[in-house]
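Asker: This is the structure I have questions about; it appears just below.
The values are calculated or read from the model by the stated rules, or taken from the named source; none is laboratory data. As the structure is a prediction and not an experimental result, all values here were calculated from the model. Note that we place each Cβ from the backbone using ideal geometry, even for glycine, and neighbour counts take in every protein chain shown. Keep in mind that these areas ignore ligands, DNA and RNA; they rest on the heavy atoms of the full protein, side chains included. Shrake-Rupley method; radii C 1.70, N 1.55, O 1.52, S 1.80 Å.
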Amino acid sequence: MERRRAPATPPRYGRRRFWDALYQREGAETREWLGGLSRFLPQLEPELRPGDRILVLGCGNSALSHDLHELGYTDVTSIDFSPACIAAMRARYARCPGLRWAVMDIRALAFPDASFDVVLEKGTLDVLMVEETDPWHVSPQAAASMHRVLAEVSRVLRPGGCFISITFAQPHFRKPHYAQEAFGWSLRHAACGDGDAGAFHYFLYVMRKGQPLDPRDVALGRRLHQPPPPPAPPPPPAPPDDDEDYLLAIQL
C-alpha cells in the first residue's frame, strides 16, 4: 500500500546507516516519497518511449520501477546505495527479468558513457540538501555534491536523452543547480499536485541532452557560483522626533 507523505529532512537521511536499518526493518514494503507513479504520469509519459533504457536513481523501496515495467517500459535499471534495499527489491521483483538492480553511489555511476535514454529520480537529490539551513545560500559542499551527481547523469545520458527530476524543491532553489552549461542540456519544469488548495505541490524538471539552455537559465546557473552579497550595514539610529526634543528641553 502506498504511503503518501512529505519527506522529512533530518540530517540522518543523508547517511547510509539510516537507510540500511530502515530497509532491514521494512524490506521491500512500498514507501513512496512524493507519491506514486500515477500522480506524475500525465507529465512523465510524454517524455518516455517504448524501448527506452531507463535508469532510476536512489530507487529505495518505491514501486516506481515496477510500475514503469507494468506500463511497458521493460528496460529499467534501478540503483541505491543501500545493499539491504537492493537485496529486498531484487527478491520482491524477481519475476520481472527486465528489472535490474544494483548497489551504487549516485555520485560515481558505474556505467559507460551514453548508456541510457532516460535517467529518473524522485526525491533522491533532495537528500543532498538535508543539512542545508538556508536554501538561498547553499554551502559549497552541497553544491559540489549536487554538481558531481548531475555531471554523472549527463555523462551516462545519450544525446537526445532526458533527465527527469521530481522534487519538492521550487524552481528558484533547484534550477540554478540544473542550469549549468557544462551538462549540455536544456531545462524546463512543470508544477504537479492534487489540485487541492491546501495540497503540497511538487515540481517535475526535464533536462534534454543536446539542447541549449535558455539564456535566462544560463544567467540563473551562473549566479550559483557567485559569492553571497555581504550583509547590509545596520541602519543608523533614528533621530528623536519633535516631541522628544520638547521634553528634553524642559528643565524641572
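Asker: Taking every eigenvalue of the Cα gyration tensor of the stretch 56-100, multiplying by 5 and rooting it, what semi-axes result, largest first, whole Å?
Answerer: Details: eigenvalues 54, 23, 13 Å².
Semi-axis lengths for the stretch 56-100 are 16, 11, 8 Å.
Asker: Moving on. Give me the 1.4 Å probe accessible area per residue for the stretch 88-154, excluding ligands and nucleic acids, in Å².
Answerer: Solvent-accessible surface per residue comes out at 49 Å².
Asker: Sticking with this structure for a sec: Please report the spacing between the Cα centers of the stretch 50-85 and the stretch 103-177 in Å, no decimals.
Answerer: When both Cα centres are located, 17 Å separates them.
Asker: I would also like to ask the following. Which net charge results when you count Lys and Arg as +1 and Asp and Glu as -1 among the other residues whose beta-carbon is under 12 Å from that of residue 188? The partial results should precede the final answer.
Answerer: Working: positive: 175, 208, 216; negative: 47, 214, 217.
Spelling it out: positives minus negatives among the neighbours equals 0.
Asker: What is the packing order of peptides 46-57, 214-225, taking the mean over residues of other C-beta atoms within 10 Å and listing the highest first?
Answerer: 46-57, 214-225
Asker: For the stretch 50-179, evaluate the Debye formula with one uniform point scatterer on each Cα (no solvent term) and list log10 I(q)/I(0) at q = 0.17, 0.21, 0.22 Å⁻¹, rounded to two decimals.
Answerer: Ignoring solvent entirely, the Cα scatterers give -0.90, -1.28, -1.36.
Asker: For residue 61, list long-range residues whose amide hydrogen, built 1.01 Å from N in the peptide plane, is under 5 Å from its own amide hydrogen.
Answerer: Correct list: 31.
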